[in-house]
Amino acid sequence: MKSLLLFKMRVIMKLALKSLLAASLLSSTALYANVLEGHRVGLGFNSTSIDDIAFDGKYSTSGLTLAYGYDINDIIGINVSLNKGSGTDFPFDIDTSTFKFDTDIGYTFHMQNASIKPYGVLGFAKFKEEASAFGLDAWKWDDSTIFVGIGTRATFNHHFYTDLRLDFINLKESGDNIFADQFSFTVGYKF
């Protein structure tokens, strides 16, 4: 009778231990996934440096960036952004806008109340440029292309983030190469 009672207690203890282990693994995975996944919305500064090979011209614009992103896990994120900028290359006033849809791929390193993710970027960009001189339209052109980039995103307290990024865009205007390098610094909130 005593051995039967000990056997039942061992079975109950093993069952309880397995249940506790399974519950802790499931809950820690769910908590870990919630930290990594999520929507991001940010606002920031951008600077575009343009190198026109055909006319040997170099000029830059600067302005605002509006960004939205979704972190799928600690490696892959999806991003949509709109960069608006303006600048001067005497006598021209130049306005640029860039719509980008891309994915960032890197690994997130977690610390106690922060994380940092260095990443590479591959995406699609729609670039548009308009110029005027003395109040008259001078030129207007646009192009769409695949682009690459690099960046680093830091997240603090699981909600606030900063994103530092450099994108390299090879554009064509009337068959001529134009290189646009875009730097952006974004601050935002992760849901």
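May I ask which of Lys126/Lys190; Lys58/Lys140; Lys58/Lys128; Lys128/Lys172; Lys140/Lys172 have a Cα-Cα span longer than 20 Å here?
Lys126/Lys190
So if we plug the beta-carbon distance of Asp89 and Leu122 into 1/(1 + (r/R0)^6) with R0 = 30 Å, what FRET efficiency do we get, rounded to 0.05?
0.50
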| field | Heavy-atom accessible area per residue - the range 61-191, 1.4 Å, Å² | value | 53 Å²
| query | Within the accessible area of the range 26-139, what % is carbon and sulfur when the probe is 1.4 Å and the other protein chains stay in place? | reply | 66 percent
| remark: Here the FRET efficiency for Asn73 versus Asp176, based on Cβ atoms and R0 = 45 Å and rounded to 0.05, is 0.65
| Between the range 37-66 and the range 74-103, the Cα center-to-center distance that results, in Å | 4 Å
| field | Rounded to the nearest 20 debye, dipole of the range 49-175 from Cβ charges on Lys, Arg, Asp, Glu | value | 440 debye
| said: If R₀ is 22 angstrom, what is the calculated FRET efficiency for the pair Phe101 and Asp137, using the beta carbon separation as r and rounding to 0.05? | reply: 0.15
| query | Does the range 30-147 classify as rounded, prolate or oblate by the C-alpha gyration tensor (a ≥ b ≥ c root eigenvalues; a/c under 1.5 gives rounded; else a/b over b/c gives prolate, otherwise oblate)? | reply | prolate
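The values are calculated or read from the model by the stated rules, or taken from the named source; none is laboratory data. Note that the structure is a prediction, hence the values are computed from the model and not measured. Quick reminder, even Gly has a Cβ in these numbers, built from the backbone with ideal geometry, and neighbours come from all protein chains shown. Remember, those area values only see protein heavy atoms, side chains included, never the ligands or the DNA or RNA. Shrake-Rupley method; radii C 1.70, N 1.55, O 1.52, S 1.80 Å.
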